[in-house]
Structure formats: C-alpha cells, structure tokens
C-alpha cells in the first residue's frame, strides 16, 4: 500500500530508542524526512545517522527536553528549518510506565507527578502548539500522541492521570484542528518488547532465578496473542495514522496492545 507520505516532514520526540526510534525509522522507509530529539544530543544525532544510512531519507537529531518550553520552541524552529517545514508530529518523549518508582496513594510520588505533568502532558501540548502553524500553512498535518493502556485501565496515580489527560486533549485538539486538515490521534501500547524492556527482564530474571524468556512470558500471558507486541509493530500503526489513507481517523485511540485489555469499547 502506498501511504502517500513520501516527501513529508516529521518530528519524532524521544526518538533514539524503543517505539520512538522504530517509528522514525519506519517513517524514513516511507520516504519521510525525519527530525528526532532526545535529552542526549549525541544519541539523537547518532540515531538520525543510522536512520539516514538505512533508509536513504534525510534525518536530523536534536537535543531537547520537552519538559522545558524554551527547548521545545527551539526544537520546532530548528527541525522546521532543517526539513523545510513540518507535516507530522509524533509525541513520544515520556517516562515509560512503571519505571518512575512507587505510584500509589500510600506512596504518593509528587516529584514523579510533576515530572510527568511537565513532560508527557505539557511537553506534548508544547510540541503540538509549536508544530501546528507549519501544518496550517500546508493545509495538512498529522499528530500522533503516544499514550498508554493506563488511560483505559486502572493503573498508578501518575500513570493513570497522565494517560487519561493525553487522551482528553487528543480529542479536544482533533475538534479544533480538523477543519484545518490536521488529524490528531492517540496510540495506546501496553508493555512492548523494546531494548529497555529486555534489559529490565534480564535484571528480573537474575533477581528471581528464572530465565529471561520465563520473565517475559509472565507478562505476555496477559495478552490475547500470548506474546509481547514489538516496537516495530507499534510503529507500523503509528505510521499508518500519519498516512494519507488515515485522513478519516481523528480524535481516536488505537491500541496495538496484543489484546491486553479485557474491557469492551463500543
């Protein structure tokens, strides 16, 4: 299928590893010019070089902390200057669920709450606000917010709040930007098989005296497909939402989670 996005220009935040990197790479394979960012500028540039080398697409890496308004403003300007504009934004820079420490009422982690608010909620909004003017001028745009299954299922205090908030403003933004040719959607992955997860599973296996495969299967048994979804599989869904063919989809949440949720949605 021709996704119709060759020569489009994309910004992917948190694009040096995991789902962010897989998405930037897949966009590059579709002929999209890509800018990606991370808090580590050297890592961002190295990831961009790998994408350019593998896909032949233009790719640029920038240092930015999306929790800081000045960084986001500079990032959007630099990315648009390098690419010649912005058509696609993938908001992905955020703490991975379950990695920030205790997330319960009994152990209320105010520092984590503030960090999640600044990065995943305000960071996504800052990036969208900075990217939208470029999309408006083109009369076309795609915004995909990487969210999480904690928006659908009861989870930790911070995990639930930040993901529910992202879904809410995804819908609000879709109403505001739809008449301008810009779609806004959210993607809800569950625990997915990334390099970071593999490292965590290896640590768990050593601690509990099991194999990494056994540690992984404990998580995978909660999925209908009985395996973990890969970052590449999630990236393919994100890229489709960025395509011309997905122009009728906006304000929605797609869950490439392997059937993780037992809830029924109408």
When you scan region 40-64, how many residues do you find that are surrounded by fewer than 17 Cβ atoms within 10 Å (Cβ to Cβ) and assigned to a loop (DSSP other than H, G, I, E, B)? 2
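Identify, from the list 61, 14, the residue that is more than 18 Å from residue 145 (Cβ to Cβ) and in contact (Cβ under 8 Å) with a residue 12 or more places away in the chain. Let's see the steps before the verdict.
Numbers: 14 fails: more than 18 Å from residue 145 (Cβ to Cβ).
One residue alone meets the criteria, 61.
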Please identify the pairs in which a residue from region 27-43 that is without any contact (Cβ under 8 Å) to a residue 24 or more places away in the chain has its Cβ atom under 9 Å from the Cβ atom of a residue that is assigned to a strand (DSSP E or B), counting only partners at least 6 apart or on another chain. 41/61; 41/62; 41/63; 42/61; 42/63
From the list 175, 252, which residue is in contact (Cβ under 8 Å) with a residue 60 or more places away in the chain and within 16 Å of residue 90 (Cβ to Cβ)? 252
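What do you reckon, is residue 125 more than 17 Å from the chain's Cα centre (by Cα), part of a helix (DSSP H, G or I) and crowded, with 16+ Cβ neighbours inside 10 Å?
Values: more than 17 Å from the chain's Cα centre (by Cα): no; part of a helix (DSSP H, G or I): yes; crowded, with 16+ Cβ neighbours inside 10 Å: yes.
In short, no.
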Looking at region 181-210, I want the residues that are over 19 Å from residue 243 (Cα atoms) and have a partner that is exposed (fewer than 14 other Cβ atoms within 10 Å of the Cβ) with Cβ atoms under 6 Å, at least 6 apart or on another chain. Which pairs are those? 205/211
Pick from region 139-179, criterion touching a helix residue (DSSP H, G or I) at 6+ places or on another chain (Cβ under 6 Å) and in a loop (DSSP other than H, G, I, E, B), ranking: modelled with the lowest pLDDT: 148
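The values are calculated or read from the model by the stated rules, or taken from the named source; none is laboratory data. No experiment lies behind these values; they were computed from the predicted model shown. With ideal geometry, Cβ positions are generated from the backbone for all residues, glycine too; neighbour counts draw on all protein chains shown.
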